[in-house]
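The values are calculated or read from the model by the stated rules, or taken from the named source; none is laboratory data. Small disclaimer: the values here were computed from a predicted structure and weren't measured. For neighbour counting, all protein chains shown are included, and Cβ atoms are generated from backbone atoms with ideal geometry for every residue, glycine included.
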Amino acid sequence: MNRRAFVALVGGVAAAWPLAGRAQQKAMPVIGYLSGSLPGPSAPNVVAFRQGLSETGYVEGQNVSIEYRWAEGSYDRLPALATDLVSRKVDLIVASGGPPSARAAKSATSTIPIVFASGDDPVATGLVASLARPGGNLTGVSFLVVELYPKRLELLSELVPQAKVIALLVNPNLPETARVIPDVQEAARSKGVQIHILEASTESEIDAAFATLVQLQAGALLVGSDPFFNSRRELLVALASRHAVPAIYQGREFPATGGLISYGASFTSVFRQLGIYAGRILKGAKPADLPVEQPTRFELVINLNTAKALGLTVPQALLARADEVIE
């Protein structure tokens, strides 16, 4: 080999070393964010999720990428969206927006880690083996929303004691609805009030439900805990205002939008925890070893302006228990 050929060979190998080094570096991890809701109303939850991620050292666009998939309330779209994320070989899936998202993600993959937020019992629904030791590739946070329905009915009766007919608005496409209705009916019997079940899974059906509510002369409304309803909170609050119906909701986002009262776990805390778990898993933790978290604190939020507009006097005992009073 002549000198010129030798120099060219050495130079070529040397030039290839940086390329080889870069090829061996791990690419930026990608999180698939799967939600049954709409992006706009879910923005505060996404902010809280990013906050949790940042607490573990991950910042979107800097050292982690997030691909968002929104079913926009059409739960039948979730399986295809989950499959799409799996086909893109994401490093982790965050299943936000209730049990349908978690089930779709679980059906799509048994290997990619999944962090879920679920309103139903994740053990009873088969998502995990146990809360303490989930097993498999899933862990997350359980809202305990099903268990809170009787408490919401109690608070609504305390605020509107004259209401002897109360409507319950539920989404029939949500599996836990079948468990919710008997619990609410039993709580209503103990309170001596009548419960009418109204169903809605589209915006037009929400409009129709409120028309039926007026015909029934219901004195109050218990709005079901559902990602679809959460993403339509402005519509629900507007209809409750238009028909002058006192209503109780799942989270503080409703009173902040003009709703009357809410009781439930803090969405901010739940989604921050999802971000923390996602970051820990990206750093090497196994979902099977991370216990499913459950809220330990629930927020009671009352909008006094809305109460006044409805002609309601909020009992002092209820105001004293409120975590937040909007004036």
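Checked against (1) of a type outside the set (Phe, Trp, Tyr); (2) in a helix (DSSP H, G or I); (3) modelled with pLDDT under 95, Pro295 passes all but a single condition, namely (2). Residues in the range 36-62 that are polar (S, T, N, Q) and modelled with pLDDT of 95 or more were compared, and the one that is nearest to Asp226 (Cα to Cα) is Gln51. With respect to Arg272, determine if the residue is in the same structural domain as Gly36 (by TED's automatic domain parsing), touching a residue at least 24 places away in the same chain (Cβ under 8 Å) and within 21 Å of Leu34 (Cα to Cα). Criteria met by Arg272. Answer with yes or no whether Ala220 is under 27 Å from the mean Cα position of the chain (by Cα), modelled with pLDDT of 95 or more and within 22 Å of Leu319 (Cα to Cα). So Ala220 fits the description; yes. Looking at Thr177, Thr111, just one residue is without any contact (Cβ under 8 Å) to a residue 60 or more places away in the chain and closer than 26 Å to Asp289 by Cα, and that residue is Thr111.
Listed here are the residues, each with its yes/no results for (1) under 18 Å from Pro39 (Cα atoms); (2) modelled with pLDDT of 95 or more.
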| residue | (1), (2) |
| --- | --- |
| Val64 | no, yes |
| Leu85 | yes, yes |
| Gly119 | no, no |
| Ala129 | no, no |
| Asn137 | no, yes |
| Ser142 | no, no |
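Would it be correct to say that Leu216 is in contact (Cβ under 8 Å) with a residue 12 or more places away in the chain, out of contact with any His (no Cβ under 7 Å at 6 or more places or on another chain) and not assigned by TED's automatic domain parsing to the domain that holds Thr83? No, not satisfied. Residues that are over 16 Å from Ser225 (Cβ atoms) and outside any strand (DSSP E or B) within the range 155-181 comprise Ser157, Glu158, Leu159, Val160, Pro161, Gln162, Ala163, Lys164, listed in sequence order. If only residues of the range 133-145 that are more than 16 Å from Phe267 (Cβ to Cβ) and in contact with a strand residue (DSSP E or B) (Cβ under 7 Å, 6 or more places away or on another chain) are counted, the one that is surrounded by the most Cβ atoms within 10 Å (Cβ to Cβ) is Thr139. The criterion of being farther than 18 Å from Thr212 by Cα and surrounded by 16 or more Cβ atoms within 10 Å (Cβ to Cβ) does not hold for Ser190. Taken over the range 182-205, the criterion of being of a type outside the set (A, V, I, L, M, F, W, C), over 24 Å from Ala71 (Cβ atoms) and assigned to a helix (DSSP H, G or I) is satisfied by Pro182, Asp183, Gln185, Glu186, Arg189, Ser190, Lys191. Of the strands (runs of 3 or more DSSP E) lying entirely inside the range 57-132, those containing at least 1 residues that are surrounded by 20 or more Cβ atoms within 10 Å (Cβ to Cβ) and among the hydroxyl-bearing types (Ser, Thr, Tyr) span 92-96, 114-118.
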